[in-house]
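The values are calculated or read from the model by the stated rules, or taken from the named source; none is laboratory data. None of these values were measured; they are calculated from a predicted model. Cβ placement follows ideal geometry from the backbone for every residue including glycine, while neighbour counts extend to all protein chains displayed. Ligands, DNA and RNA are stripped out before the accessible areas are found, and what is left, the full protein with its side chains, is counted by its heavy atoms. Shrake-Rupley method; radii C 1.70, N 1.55, O 1.52, S 1.80 Å.
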Amino acid sequence: MTAPIETTPGQAEAQPEAILEGAGGGAIEGRSLGRIAWTRFKRDKVAVAGGVVVVLLILLAILAKPIESIFGLDPNEFHQNLIDPSTTVPKGGMGGMSLHHLLGVDPQYGRDLLARIIEGSWVSLLVATGSTLLSVVLGAVLGVIAGYYGGWVDSLISRAMDMFLAFPLLLFAISISASLQDGAFGLSGLPLRIGVLIFVIGFFSWPYMGRIVRGQTLSLREREFVEAARSLGARGPYILFRELMPNLVAPILVYSTLLIPTNILFEAALSFLGVGIAPPQASWGGMLNSAVDLFYADPEFMIVPGVAIFITVLAFNLLGDGLRDALDPRSK
């Protein structure tokens, strides 16, 4: 038989919280879900590195014009003196890299590749971000409506999703972009091409987001907080946008970060095929298209935009994976 544990009067009257406070040396502090997610995210060093690269890329795209002005970079300035007239490739090897042209110059024209990479960054991120926002808004709104109301509303929206997913998106984007090159809706040139790319990519990508949001809504609509809102007399729109939508922020955010690199690749593919961003405006896909015939003569011309696309897509994917793990309550 074990002897009883002796306690002092102060310990006998102490509450469990007080004992824990004394054991830990400090007050116990509650943590919000956002703080817990941030703590999980910080532990993933790879995701943090991807997030840092994404932030730097966004700053580069936003400050592209000021950077070009401060450092005297002109993406469309010709440097014919740097091109060998007999081969039309940059002089000196390594794509013409030098202190004045850190990434070299392009063949035939001698335009600075660093300036064209910086100039192409805002185009790629603008198209990718705009199309992602469009697909997220359409997919989230229609997905939550389909999941909450069910019945014929769900059937109608679900069949619309299936119809949009059946479209050959690449061929459809090529045909629309090619047919609107001369001008439409009062726009022409670069603004028209960017607007068409955002619309085509975003409008036909929303079913992917819609399916994810619909599936999450089907499980959330039977939860206690939704039933409590109904019992208090809340109507459908209030429940949709004040009760369900805040609980869908996490999957929407995660999928958005994974959708942006997909749209970057799609824009690059369209520009590579000649129906996206047209020259002389710099774009990463257009640079790859120009480098195809000159790969053996100047491989560096293809490597530079290829590495830019690779780093951007990889950084967004790493960030998306880290956010998914941090925001998933089942992850450890």
Once you order the gyration tensor axes a ≥ b ≥ c over the Cα atoms, which shape class does the chain get: rounded for a/c under 1.5, otherwise prolate or oblate by comparing a/b with b/c? oblate
Using alpha carbons only, how many degrees (0 to 90, rounded to 10) separate the axis of helix 206-220 from the longest principal axis of the chain? 0 degrees
Would you mind classifying region 216-332 by shape? Square roots of the alpha carbon gyration tensor eigenvalues, ordered a ≥ b ≥ c; an a/c under 1.5 is rounded, otherwise it is prolate if a/b is larger than b/c and oblate if not. prolate
Go ahead and run the numbers for FRET between N81 and V307, Cβ-Cβ distance against an R0 of 25 Å, rounding to 0.05. 0.40
For helix 189-203, report the angle its Cα long axis makes with the longest principal axis of the Cα atoms of the chain; keep it between 0 and 90° and round to the nearest 10°. 40 degrees
Highest-first arrangement of 311-322, 216-227, where packing means the average Cβ count within 10 Å: 311-322, 216-227
Net charge (Lys, Arg +1; Asp, Glu -1) of residues whose beta-carbon lies under 15 Å from that of P66, P66 excluded, is -2
What does the charge count near A308 come to, summing +1 for each Lys or Arg and -1 for each Asp or Glu among other residues with Cβ under 15 Å from its Cβ? -4
With a ≥ b ≥ c from the Cα gyration tensor eigenvalues, square-rooted, and the rule rounded for a/c under 1.5, otherwise prolate when a/b > b/c and oblate otherwise, region 76-117 is oblate
How do 89-102, 268-281 rank on mean C-beta neighbours within 10 Å, highest first? 268-281, 89-102
Distance between modelled label sites at L273 and K65, nm, 7 Å Cα→Cβ extension: 3.1 nm
Of all accessible heavy-atom area on the chain, the percent that carbon and sulfur account for (1.4 Å): 66 percent
Point-to-point label distance, L102-F167, nm (Cα→Cβ direction, 7 Å offset): 4.1 nm
How much net charge surrounds A115 when only other residues with a Cβ under 13 Å from its Cβ are counted (Lys, Arg +1; Asp, Glu -1)? -3
Theoretical FRET efficiency, 1/(1+(r/R0)^6), r = Cβ-Cβ of K91 and I36, R0 45 Å, to 0.05: 0.20
Dipole magnitude of region 196-313, debye to nearest 20 (Cβ charges: Lys/Arg +1, Asp/Glu -1, about Cα centre): 740 debye
Gained length - V55 relative to S231, 0.36 nm times residue gap less alpha-carbon distance: 58.9 nm
Degrees separating the helix 249-272 axis from the principal Cα axis of the chain, which is the longest one: 10 degrees
